Amino acid sequence: MEVEKEVYFGGIDEAGRGPVLGPMVYSICYFKVSQQNQFKKFGFADSKTLTEAERESLFTKIKENNIGFEVDVITPEFLSFKMLQISKFNLNSISHESAAGLIEKLVKQKKINLSHVYVDTVGPPKKYQDWLKKKFPTIDFTVSKKADSLFPIVSAASICAKVTRDRALSNFNFRERNLQISRQFGSGYPGDPATKEWLRKHIDLVFGFPSIIRFSWKTCDNILNKTAIQIKWFLLIIICNWIKIGSFFFKFNFLKGTH
């Protein structure tokens, strides 16, 4: 596939960075530079300032007007795994990698000729912008705070991300079976009384929370420490150490026997 001759500009934003439950969704929108003035007429705004109906209406407009977009749905399980593993991967790094992955998909797989990408920052804007420029030297970047309210193309990306996340929550496929799990999560933010109540009602004293929850969030950690049964794995530690020691002597004897 040849690189498209038409030049495009793009915008990147996310939805669901702060909530304690559900996926975090990153989105990139892209449109022809030659039609940039037309794009401004669509009336896109930061998704946080819009009602659900307004977001759905604008999302339909995005699809009907051939505005390209891609999304990356980052599951709560993936977030928990990356942030709790031994070599911890923080949320900023996950966000950066997701944004870079979306750009790479457009450039390498879809052969979109991106000339400029506007990004809502995560962390210091200058550092993030330099990092992106190093990865994609042929593309110009503008990384700034509140980019979703400054650049319509980023606003469009925020709408795509928010609508995708809302639908993912509504249709979330729980791994847990034979459990009555309410979908009345509230906003999902730790300070929301409805979310707090949902967490209180859906904790298992041994296994913790359902798969929709991000176990790496401090909110979960605090609740589990106060409420859940504390288990100390002394036997498992002893067995693991015994296996390590046994493996060492087995290896030593095996090598000794080869001489």
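The values are calculated or read from the model by the stated rules, or taken from the named source; none is laboratory data. From a predicted model like this one, the values you see are computed outputs, not experimental measurements. Quick reminder, even Gly has a Cβ in these numbers, built from the backbone with ideal geometry, and neighbours come from all protein chains shown. For accessibility, only protein heavy atoms count, side chains too; no ligands or nucleic acids. Shrake-Rupley method; radii C 1.70, N 1.55, O 1.52, S 1.80 Å.
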Can you tell me which residue is modelled with the highest pLDDT among those in the range 60-90 that are buried (at least 19 other Cβ atoms within 10 Å of the Cβ), under 19 Å from Leu21 (Cα atoms) and not β-branched (Val, Ile, Thr)? Asp72
Return the total of residues in the range 183-198 being part of a helix (DSSP H, G or I) and crowded, with 18+ Cβ neighbours inside 10 Å. 2
Would you confirm whether or not the range 214-225 contains a residue that is part of a helix (DSSP H, G or I), more than 17 Å from the chain's Cα centre (by Cα) and in contact (Cβ under 8 Å) with a residue 40 or more places away in the chain? yes
Looking at the range 57-75, which of its residues are within 17 Å of the chain's Cα centre (by Cα) and in a strand (DSSP E or B)? Phe69, Glu70, Val71, Asp72, Val73, Ile74
Near pairs, Cβ below 6 angstrom, 6+ apart or cross-chain, from the range 174-194 (more than 21 Å from Gly18 (Cα to Cα)) to any residue that is open to solvent by less than 60 Å² (accessible area, probe 1.4 Å) and of a type in the set (Gly, Ala, Ser): Arg175/Ser211
Residues that are open to solvent by less than 50 Å² (accessible area, probe 1.4 Å) and either touching a Cys at 6+ places or on another chain (Cβ under 7 Å) or among the acidic types (Asp, Glu) (or both): list the helices (runs of 4 or more DSSP H) wholly contained in the range 99-182 that include at least 3 such residues. 152-170
Checking the structure you have, find out if any residue of the range 90-97 is in contact (Cβ under 8 Å) with a residue 24 or more places away in the chain, touching a Gly at 6+ places or on another chain (Cβ under 6 Å), assigned to a strand (DSSP E or B) and on the phi < 0 side of the Ramachandran plot. no
Reported set for the range 20-56 where residues are within 29 Å of Lys196 (Cβ to Cβ), open to solvent by 20 Å² or more (accessible area, probe 1.4 Å) and not in a loop (DSSP other than H, G, I, E, B) is Lys48, Thr49, Glu52, Ala53, Glu54, Arg55, Glu56
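Report whether or not Arg17 is assigned to a helix (DSSP H, G or I), over 24 Å from Lys134 (Cα atoms) and either open to solvent by 60 Å² or more (accessible area, probe 1.4 Å) or not hydrophobic (A, V, I, L, M, F, W, C) (or both).
Spelling it out, it is not the case that Arg17 is assigned to a helix (DSSP H, G or I), over 24 Å from Lys134 (Cα atoms) and either open to solvent by 60 Å² or more (accessible area, probe 1.4 Å) or not hydrophobic (A, V, I, L, M, F, W, C) (or both).
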Quick check, is Phe78 more than 25 Å from Ser170 (Cβ to Cβ) and not in a strand (DSSP E or B)? no
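Out of Lys251, Lys201, I need the residue that is farther than 22 Å from Leu84 by Cβ, surrounded by 10 or more Cβ atoms within 10 Å (Cβ to Cβ), at pLDDT 90 or above and over 22 Å from the mean Cα position of the chain (by Cα). Which one?
Within the list Lys251, Lys201, the selection yields Lys201.
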